[in-house]
Each structure stands twice: as C-alpha cells, then as structure tokens.
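First comes the structure, then the notes that go with it.
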Amino acid sequence: MRVAVIDYQAGNLASVVKALRHLGAEITVTERPAEVAAAERIVLPGVGHFSATRRLDETGITVAVRDAIARGTPFLGICVGMQWLLEGSAEAPNQPGLGHFMGRCERFPEGKLKVPHVGWNSIETNIVGPAMFRGLKRIEYVYFTHSYFAPITIFVREADGEWHSAVSADTEYIQPFAAALEWGNVFGVQFHPEKSGETGLRVLRNFLEWRPC
Amino acid sequence: MLTKRIIACLDVRSGRVVKGVRFVDLIDAGDPAELAARHAAAGADEIVFLDITATHEGRATLIDAVRRAARQLFVPFTVGGGIRTAGEAAAIFDAGADKISINSAALARSELIGEIGATFGAQAVVLAIDARRVPDRPISEAEVFAAGGRKRTGRRAVEWAREAESRGAGEILLTSMDSDGTRAGFDCELTAAVSEAVQIPVIASGGAGNAQHFTQVFREGKADAALAASIFHFGIHDVRALKEELQRDGIPVRLPC
C-alpha cells in the first residue's frame, strides 16, 4: 500500500510515519502534488498552527488533494489535518480550509478547565458503526493535544443535495466536540492515532484497509 | 472524560536505566527500550526518558536507546536531560521522541523554549522544574534548582512556570527535590501552587510510593499527570494495578488499557 504522508513543514512526522510503517504501509513523505496524486492513500498529519496549512495552497497540494478525493482516494487528516477538512478555523481566520465538510473550528473557551486539552480522553462512536472504528468498542480512549476543536455540528452535502452529519465519534472536554469525521473516502481524527496505543493502530489499520462498499 | 495520566519515567545513564534516591545512590534497573515497552504494555499513558549522564558519549548511547525504544512505542514518548540547543532537540525528535523536556538550558536562556516550539510545536516542549521548599517561607517561594538539583538559581518555581508558559512551553514537569526518591508522597502543596498558576498541564514528580499518593496529588495537588520511576521497576507495582486502585478511589484513568 503506497501512502503519501504530506509534509508541510509543520512539526514532527516521525511518529505518524513509524506507525504506518509498523502496519506495513510503504510511505512517501512529500510536498509534491504529483506524488500525492499517485498515492493509494493520503495522510495529512499536523501538530502545528492552522496557518501552516497555507503552504498546502502554495505548493499545489490543496488542488491535488481535492482531485484525489474526488477520484475516490482515501484521505486521512490528523489533528490540524482534520481541521483543514473544514471551512476554516478561528486559529487563523484568513486561511481557508479545504471546505470538504461544512463547519469551522473554534477555540475552547477559558474557564475552570485548562486549555489546551492534553491527554487520554474517551470517545464514543456513532450508532451507525463508522468504518474507521471497526473492531473497536463504542467507547475507547485516545490521546489528544489541541486548543481548537470541530463542533459536533459538522455536515457534508451529498450530490443529491441532502445534508448528512460527518461526525463519526464525539468526545467532551469543556463541551462536546467532534473527535472524528468520516464520510465516504474522507476521514479525520482530532486525536493522535499514532500515539493512542493499540486503539490508534487499529484506526490506522482500518484506514489502510478501507474499501468502498 | 479526560483521564489523569500515569507516566513511567526511566532515568537513563550510559544507556542503562538507573534510579537514585534524592539524586544519588544509583542502582542498575535494566535496558531502557525493554522497560519502556513493558511499561506501555502494562498501561503507562506515557513514557519519559531522563538522561542523567548528559556527557558526549552518554548522548550517543541515549539517542540509540531512544531510537530502539521509539520503534515499539505507540504512546507519547518524552526525552530529556542535557538538551542545550534546538539542534540537539531536533536530533532527539528525529530518533523518535514526541516531546523533549528541557531544564537547565532553559533557565540559562529561556528563548530556547520558543525556538524548539517554533519548529516542533508547543505540545512538544516540556519544561522540567526541579524545586525545593525554602524553610519557614510560603510555598510560593519554593526555589528552582539547575544542573540536576545541584545549583541554586534564586528563582521561584511558580514564577518560572508562568514565564515558561508565556514563552510557549506545552507542559510543566515539576519535581519536588524534597520528596524525590523518598516514596513518602508527592509534594501536593507545591504541585497545586504551580498547577493553579498556569493553563498548561502540570506533571507531578517525586515521592510516589503507593496509590494513595497518586490520588492525593490528583485531588489536592491539582496535577494533570503524575510520574513515577522506582515504584514500577522492581515489581512493587505495575501501572495497571495502580490504575485499578485509582479507579476505585474515583480518579478517572484510562482502563482497560
């Protein structure tokens, strides 16, 4: 399985690459649109600032990803990589996201609890049984580290004009929010599967093995 | 629900795990990569390597140990000890660490915190503070020590934690030198003072001896995570048994793990 891991100069890709290799994937770390277009799977990691995604527009990756998704190539965004699938984020209001899903990321409000949200939190998958959580329990623990989040009201518009919720798992810190998004061949996780033990490895394996039904 | 993290810390010297009592009397406790994997399998939420040699030869063996350990670790992995520059930090990230912890070098030049964060993100920078209470003075005056606890700095732990946060540290690893190695309990008062002063997570360290100590530092000490080394190494406790006891006490932990 040839997997393109997109390098956009935002943080450490070593853990994501290591976890995918551990699962048998053949990894190309790249910021070249042609290599992204040729891949069988695309992963956009992210531990940086939302503004770093501007580089995706500059390098032509944004267009390559949009085309690949339209052709049916499975795509996984992790953390900021998931947030980029939305229309944008309060972290960098002038930088648009891909806009594949409708909604915007917001910052956790200040209050009694600390921001950022760091650590292992429980997530609950939706009743439909999302593909990326196949083989896992309804409630699992995964590792988060972030200050911005996608609300639980994230939608996708189908060709038939119908709107569907894209939220495949939710969690709660200060307030409920989306822990994972999934619609067709497009997946996003706010948590770090590469750091979430056996649960995270299973999510990555489900992504690598996903086939359209 | 966000759980309290239990972090297994391995003090590494010349490529071997050691653990001292009050920073002296080191005894050999095994291969770091093997112990890291064992702790992760037993349910540790995170693994920390602290290199206590920090000599040139020690550094090469450390990088090798980090690389070997990282290969089989799929939980967050932090490495610290003797990191002086962003370049040295980059070498450790390259070997497979997710976070680095810095201490004396940040005291000498606090810009280092932001320099590492600029490339690897704030979540990857843990500021380690070794602090000691000042007799007959309030806890807010607890003093920071550098160079593995050997050098006084005249700084106050609470103020240093706040400054580190403003410079972009992602977490604070707070070691009470008074409690370290005693197995008599964490310094809850010191931990609470620092944890309430910052928005970033505080990891309590020093003094773990039994499950009750963890419950105390999570409740009274307001710690977001707690770190222990020696209690896990010799089979006194494993992480899972500790977590089961914490869960009975009503502390949210990642179980089953």
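Only the coordinates and a few stated rules stand behind these numbers; no lab work does. Everything quoted here is computed from the prediction, not taken from an experiment. Positions of Cβ are backbone-derived with ideal geometry, glycine not excepted, and every protein chain shown enters the neighbour counts.
Could you state, as a whole-number percent, how many of the C-alpha pairs of the protein assembly as shown are farther apart than 29 Å? Before the final figure, lay out the partial values.
Details: 50416 of 110215 pairs.
Of all Cα-Cα distances in the protein assembly as shown, 46 percent exceed 29 Å.
GNM, chain A, Cα, under 10 Å: largest mean-square fluctuation among A:136, A:76, A:44?
Greatest mean-square fluctuation among the candidates belongs to A:136.
Can you list residues from other chains, or at least 5 along the same chain, whose modelled amide H is less than 5 Å from the amide H of residue B:129?
Under 5 Å from the amide H of residue B:129 lie the amide H atoms of B:173, B:174, B:175, each far enough along the sequence or on another chain.
Using the Cα centre as the reference, give the magnitude of the dipole from point charges on the C-beta atoms of the protein assembly as shown (Lys, Arg: +1; Asp, Glu: -1; all else neutral), rounded to the nearest 20 debye. Let's see the in-between values first.
Values: 52 positive and 57 negative charges, 109 e Å.
Computed charge dipole of the protein assembly as shown: roughly 520 debye.
Which of A:163, A:210 has the fewest other C-beta atoms within 10 Å, and how do the rest follow up to the most?
Details: A:163 10, A:210 18.
Least to most surrounded, the residues fall as A:163, A:210.
What pairs in A:18/B:4; A:112/B:99; B:4/B:222; A:18/A:195; A:114/B:4; B:99/B:222 have C-alpha atoms more than 18 Å from each other?
On the way: A:18/B:4 26 Å; A:112/B:99 26 Å; B:4/B:222 10 Å; A:18/A:195 11 Å; A:114/B:4 13 Å; B:99/B:222 22 Å.
A:18/B:4; A:112/B:99; B:99/B:222, as the Cα separations exceed 18 Å there.
Show me, for the stretch A:103-115, the HN-Hα J-couplings you get by feeding each phi into the Karplus relation (A = 6.51, B = -1.76, C = 1.60, θ = phi - 60°), rounded to Hz, glycine and proline as x.
Residue by residue, the stretch A:103-115 yields x, 10, 7, 10, 8, 4, x, 5, x, 6, 8, 6, 10 Hz.
Just to be sure I understand: of the beta bridges DSSP finds with both ends in the stretch B:5-248, what percent are antiparallel, rounded to 5? Provide the component values of the computation, followed by the final result.
On the way: 13 of 46 bridges.
Counting only bridges with both partners in the stretch B:5-248, antiparallel ones make up about 30 percent.
Tell me what chain B gives for mean residue ellipticity at 222 nm when only DSSP H runs of n ≥ 4 count, each as -39,500 (n - 2.57), the sum divided by the residue total, rounded to 500 deg cm²/dmol.
Working: 10 runs with 91 residues, N = 257.
Rounded to the nearest 500, the figure is -10000 deg cm²/dmol.
Kindly give the semi-axes, whole Å and largest first, of the ellipsoid equivalent to the stretch A:2-209, taking each as the square root of 5 times a Cα gyration tensor eigenvalue.
Numbers: eigenvalues 103, 76, 64 Å².
Over the Cα atoms of the stretch A:2-209, the semi-axes work out to 23, 19, 18 Å.
Rg and Dmax of the stretch B:181-223 over Cα atoms: what are they, in angstrom?
Looking at the stretch B:181-223, its Cα Rg and Dmax stand at 9.7, 29 Å.
Would you please give the residues with an amide H less than 5 Å from that of residue A:48, counting only those at least 5 places away or on a separate chain, with H modeled from the backbone geometry?
Those qualifying (amide H under 5 Å, at least 5 residues apart or on another chain) are A:80.
Take every Cα-Cα pair in chain B and report what % of them are more than 28 Å apart. Mind showing how you got there, number by number?
Numbers: 8305 of 32896 pairs.
The share of Cα pairs beyond 28 Å in chain B comes to 25 percent.
How much of the DSSP bridge set in the protein assembly as shown is antiparallel, in percent, rounded to the nearest 5? Kindly include the intermediate steps, with their values, before the conclusion.
Details: 39 of 89 bridges.
Antiparallel bridges: around 45 percent, rounded to the nearest 5.
Between the stretch A:1-80 and the stretch A:193-213, what is the C-alpha centre distance in whole Å?
16 Å
In whole Hz and in residue order, list the ³J(HN,Hα) couplings for the stretch B:141-146 that follow from phi through the Karplus curve 6.51 cos²θ - 1.76 cosθ + 1.60, θ = phi - 60°; x for Gly and Pro.
Rounded to whole hertz, the list is 9, 3, 9, 8, 10, 10.
In the stretch B:33-164, what percentage of the DSSP-assigned beta bridges are antiparallel, given to the nearest 5?
40 percent
Please list 3J(HN,Hα) in residue order for the stretch A:183-194, calculated via the Karplus relation 6.51 cos²θ - 1.76 cosθ + 1.60 where θ = phi - 60°; whole Hz, with x for glycine and proline.
So the J values, rounded to whole Hz, are 7, x, 8, 10, 10, x, 10, 6, 7, 10, x, 5.
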